[in-house]
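Trainee: I'd like to ask some things about the structure below.
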Amino acid sequence: MRIECVTLREIHLPLVQYFETSFVRTDVRKILLIQLQADGVSGWAECTAPENPYYCHETIDTAWSIITRFIVPFILAEQIEHAVCLPRQVKQIRGNNMGKGAVEAGLWDLFARCQSRPLYQMIGGTRCSIDCGVSLGIQEDLEILLDKIDKELAAGYRKIKVKIKPGWDIAVIEKIRAKYPKVPLMVDANGAYTSRDIDWLRQLDDFNLMMIEQPLHYEDLIEHAQLQAQLRTPICLDESIRSYYDARAALNLGSCRVMNIKLGRVGGFAQAKRIHDLCFVQGIPVWCGGMLESGIGRSHNVALSTLPGFTIPGDVSASRRYYQEDTTTHPIEVSPQGQIQVPTGPGTGYEADLPFIDRVTVKEEKFWRNGK
Ligand SMILES: [Mg+2]
């Protein structure tokens, strides 16, 4: 296939409500969208890099630079046999997974659309619907959080994930468990603790949590292994897993018993699938995390979540929880049973809403084959 045109856009989408983790509060999501055109068809993807380098080293600006300087010239000059070939073709570029992953995901969508096949089937997905959970940020006070949990459970969501940090942890979880003794509940610290907090974190064992996500520093697999050995509750790794090699090291060391696979963080579908397959043969359950994606990125997460090892409800939830208007013509919706029906149309099965995208675009750059 010959890619004829690549368009990068930066859009700004205000969140319905700010989202706060242990390290940052986000009010407006600045998102890099990529559109790849060939044979009159467009493939779309979203780069999950945030606007600041606090979740990982990449930002929307570094991704823009890597994509435009090192990936776009290549894909416009070469014949692309299949999306599956891209990771090998750009492997010279170290790191920068979110940039590489965005282009790869766009190519997958484009190839699937050109072949009139659903993306989820092309990647080996087996589910017609996926189970959904929600991720709840740090709130002003506990009552607000409890109200939100009420609302999400009433909407049908199958897993409640609560962000924690020192000062917003044990007492909060204790109150949630007192009110909801049986609800599938997990916590995510985004690396806010250290090995000095092991005794403190062991208190979380009292609350029958599904898992504790990324309690310690993202580079420290050894300390996670030491912590896991002292906890009954499974540890799930997120930020620590940037590649297949990280995943393999984490499993060999015993650093976790669950893995959160994010498409952008690991550099696209090929890597995500490789990590999924590794976990699958070892009986390690995986689930799909979120990066406050708009509909386009969310639709790729829906496809990823159809792989057989994604047995735990992910953070893939309804568009309207995040954005009043979205980048797809049809918002991603969750049934009262807490599931998303996987669309069977070509590509992701969701269509980009170009007039809306144009309205929220603050920066655009287009590249043509032969510099047209
Ligand atoms: Mg996380």
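Trainee: Using Cβ counts within 10 Å as a stand-in for footprinting exposure, how do SER335, SER294 rank, fewest first?
Mentor: Final ranking by Cβ density, sparse to dense: SER335, SER294.
Trainee: Considering the chain as a Gaussian network with a 10 Å cut-off on Cα pairs, which listed residue, GLU143, GLU333, GLU351, attains the greatest mean-square fluctuation?
Mentor: Comparing GLU143, GLU333, GLU351 in the GNM, the peak value goes to GLU143.
Trainee: Quick one: helix 170-179 against the long Cα principal axis of the chain, what's the angle to the nearest 10°, folded into 0 to 90?
Mentor: The angle comes out at about 90 degrees.
Trainee: Then there's this: Note the angle between two axes, namely the Cα long axis of helix 269-281 and the longest principal axis of the Cα atoms of the chain, as a number of degrees from 0 to 90, rounded to the nearest 10.
Mentor: The answer is roughly 40 degrees.
Trainee: Shifting gears a bit: Of the listed peptides 12-24, 299-311, what is their order by residue-averaged count of other C-beta atoms within 10 Å, with the highest listed first?
Mentor: The densest-packed peptide leads the list: 299-311, 12-24.
Trainee: So, one more: In the structure displayed, which of LYS100/LYS163; LYS163/LYS273; LYS30/LYS165; LYS100/LYS159; LYS182/LYS273; LYS30/LYS363 lie more than 20 Å apart, Cα to Cα?
Mentor: Working: LYS100/LYS163 28 Å; LYS163/LYS273 27 Å; LYS30/LYS165 25 Å; LYS100/LYS159 30 Å; LYS182/LYS273 32 Å; LYS30/LYS363 11 Å.
From LYS100/LYS163; LYS163/LYS273; LYS30/LYS165; LYS100/LYS159; LYS182/LYS273; LYS30/LYS363, over 20 Å: LYS100/LYS163; LYS163/LYS273; LYS30/LYS165; LYS100/LYS159; LYS182/LYS273.
Trainee: State, as an integer percentage, the relative contact order of the chain based on alpha-carbon contacts under 8 Å between residues 6 or more apart.
Mentor: On the way: 795 pairs, mean separation 85.9, N = 372.
Worked out over the chain, it gives 23 percent.
Trainee: Among residues other than LEU13 whose Cβ falls under 15 Å from its Cβ, what is the net charge (Lys/Arg +1, Asp/Glu -1)?
Mentor: Neighbour charge sum, excluding LEU13 itself: -1.
Trainee: Below 8 Å between Cα atoms, with a sequence gap of 6+, how large is the relative contact order for region 121-341 in percent?
Mentor: 24
Trainee: Give, in nm to one decimal, the length gained when the segment between GLN203 and GLN282 is fully stretched (0.36 nm per residue of separation minus the Cα-Cα distance).
Mentor: So the extension gain works out to 25.6 nm.
Trainee: Using alpha-carbon pairs under 8 Å, 6+ residues apart, how would you state the relative contact order of region 145-274 in percent? List each step's numbers first, then the result.
Mentor: Working: 187 pairs, mean separation 23.9, N = 130.
Relative contact order of region 145-274: 18 percent.
Trainee: Measure nothing but the geometry: give the 0 to 90° angle between the long axis through the Cα atoms of 295-304 and the longest principal axis through the Cα atoms of the chain, rounded to 10°.
Mentor: Long axis of 295-304 versus the principal axis of the chain: about 70 degrees.
Trainee: Picking from ASP277, ASP197, ASP147, which is most flexible by a Gaussian network model of the chain using Cα springs under 10 Å?
Mentor: ASP147
Trainee: Determine, for GLU104, GLU10, the number of other Cβ atoms within 10 Å of each Cβ, and report the residues in order from fewest to most.
Mentor: Listed from fewest to most nearby Cβ atoms, that is GLU10, GLU104.
Trainee: Could you give the distance between the Cα centres of region 158-207 and region 213-281, to the whole Å?
Mentor: If we compute the Cα centre of each part, the gap is 19 Å.
Trainee: Same structure again: What area, in nm² and to one decimal, does the C-alpha convex hull of region 195-281 cast on average over all directions?
Mentor: Taking a quarter of the hull surface, the average projection is 5.3 nm².
Trainee: Quickly work out the ASP358-to-CYS128 label distance, labels modelled 7 Å from Cα along the C-beta direction, and quote it in nm with one decimal.
Mentor: 3.8
Trainee: Beyond 17 Å, what share of the Cα-Cα pairs of region 146-190 is found? Please give it as a whole percent.
Mentor: 27
Trainee: With a 10 Å radius around each residue's Cβ, average the other Cβ atoms per peptide and rank 165-173, 88-96, highest first.
Mentor: By packing density, highest mean first, the sequence is 165-173, 88-96.
Trainee: Suppose R0 equals 25 Å. What FRET efficiency, 1/(1 + (r/R0)^6) with r the Cβ-Cβ distance, do LYS366 and VAL16 give to the nearest 0.05?
Mentor: That gives a FRET efficiency of 0.20.
Trainee: Can you give me the distance in nm between label points at ASP147 and SER243, each placed 7 Å from the Cα along the Cα-to-Cβ direction?
Mentor: Result: 4.7 nm between the two label points.
Trainee: Å³ per residue of the Cα convex hull, for region 121-341?
Mentor: 115
Trainee: Run the quick spin-label model on SER65 and ARG177: label points 7 Å from Cα toward the beta carbon, then report their separation in nm to one decimal.
Mentor: The two pseudo-label positions are separated by 4.6 nm.
Trainee: Something else about it: Quick one: net charge of LEU292's neighbours, Cβ under 13 Å, K/R +1, D/E -1?
Mentor: 0
Trainee: With the dipole of the chain worked out from charges on the C-beta (+1 for Lys and Arg, -1 for Asp and Glu) around the Cα centre, which of LEU237, PRO184, LEU146 lies farthest toward the positive end?
Mentor: After comparing all options, I get LEU237.
Trainee: In a shell of Cβ-Cβ distance under 11 Å around GLY264, excluding GLY264 itself, what net charge do Lys and Arg (+1) and Asp and Glu (-1) give?
Mentor: So the environment of GLY264 carries a net charge of 0.
Bear in mind these aren't lab numbers, they're just calculated from the coordinates by the rules spelled out. What you are looking at is a predicted structure, and each value in this text was computed from that prediction instead of being measured. Methodologically, a virtual Cβ is constructed for each residue, glycine included, from the backbone with ideal geometry; neighbour enumeration extends over all protein chains shown.
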